[in-house]
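Take a look at the structure set out below.
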Amino acid sequence: MIRKGMRSDVFFLLGIFFLVVLFRRESRKLLSSSPSVGEWGWLGPEPLVDTHSADLVMTPSLPRRGNWLTRAIGRLLYRLLGWRIEGQLPDVPKLVIIGAPHTSHWDAILAVGFFLATGLDCRWMVKREACDHALGGLMRWFGAMPVNRQAPGDLAQQVIDEMNRSEKFVLVLTPEGTRKKVERWKTGFYRIALGAGAPITLGYADFERKVAGIGPTIRPSGDLEAELEEIRAYYSGIPARNPEWF
């Protein structure tokens, strides 16, 4: 019998293998159509993704991760999916990015591709046990930040303390906390941003236009209800993968 944890590792490795096969196949096509090789990998007649927009997303103060190869992989993923990237992040060393609407597993795939394509070094919270297996190191490289969810009252403060200790820190959260429809969003992202003195940037995945983008940035003032209403009003115009869950 295959244990549950082992089974998830097997599926994860199969997914990585599938992406590698796709990457090799597509890169060969690009090489055969154009001999040029650039900083971002093989650039055929069409870029791997809208590289101009992907490049503009990043600003000098933000933390970075990866290299030309990881960026090429992220951009190739977007090309295969038929998606593009738009917008620009604020030029700050510490930032909280929220992503919505969150109604599908595709949101996570698009987020990983986005961070690979742009080279943004970000952190996302995960329960501590999720990193206690063979792929824990890989998850940490992708930005997983193990936290103790048994003490939810201290969770926001754990992250605030970590942000205050760091010179540069970007945290990514989904305010809904689940893919299903919820009446009220979780407000931990707001408390963390306020406590760490970091702005909040609104990220989104528009499934109608097939665009992963960066929206407006706000500085939390402490008026939670008013600003949360403004944030939700902004996202009300973003088409979700499963609109009935948003």
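The values are calculated or read from the model by the stated rules, or taken from the named source; none is laboratory data. All figures in this text were calculated on a predicted structure; none of them were measured in a lab. Counting neighbours? That spans all protein chains shown, and the Cβs are built from the backbone with ideal geometry, glycine included.
Assorted remarks:
- Arg123 at pLDDT below 90, on the phi < 0 side of the Ramachandran plot and basic (Lys, Arg): yes
- Residues that are buried (at least 21 other Cβ atoms within 10 Å of the Cβ) and closer than 15 Å to Leu173 by Cβ within region 90-106 comprise Leu95, Val96, Ile97, Ile98, Gly99, Ala100, Pro101, His102, listed in sequence order.
- Search result, residues across region 205-226 that are of a type in the set (D, E, K, R) and either modelled with pLDDT of 95 or more or under 23 Å from Thr59 (Cβ atoms) (or both): Asp206, Arg219
- When region 165-185 is filtered for residues that are out of contact with any strand residue (DSSP E or B) (no Cβ under 7 Å at 6 or more places or on another chain) and either among the hydroxyl-bearing types (Ser, Thr, Tyr) or surrounded by fewer than 16 Cβ atoms within 10 Å (Cβ to Cβ) (or both), the ones remaining, listed by number, are Arg165, Ser166, Glu167, Gly177, Thr178, Lys180, Lys181, Val182, Glu183, Arg184.
- When the test is whether a residue is closer than 20 Å to Gly213 by Cβ, surrounded by fewer than 21 Cβ atoms within 10 Å (Cβ to Cβ) and either hydrophobic (A, V, I, L, M, F, W, C) or at pLDDT below 85 (or both), Leu81 passes it.
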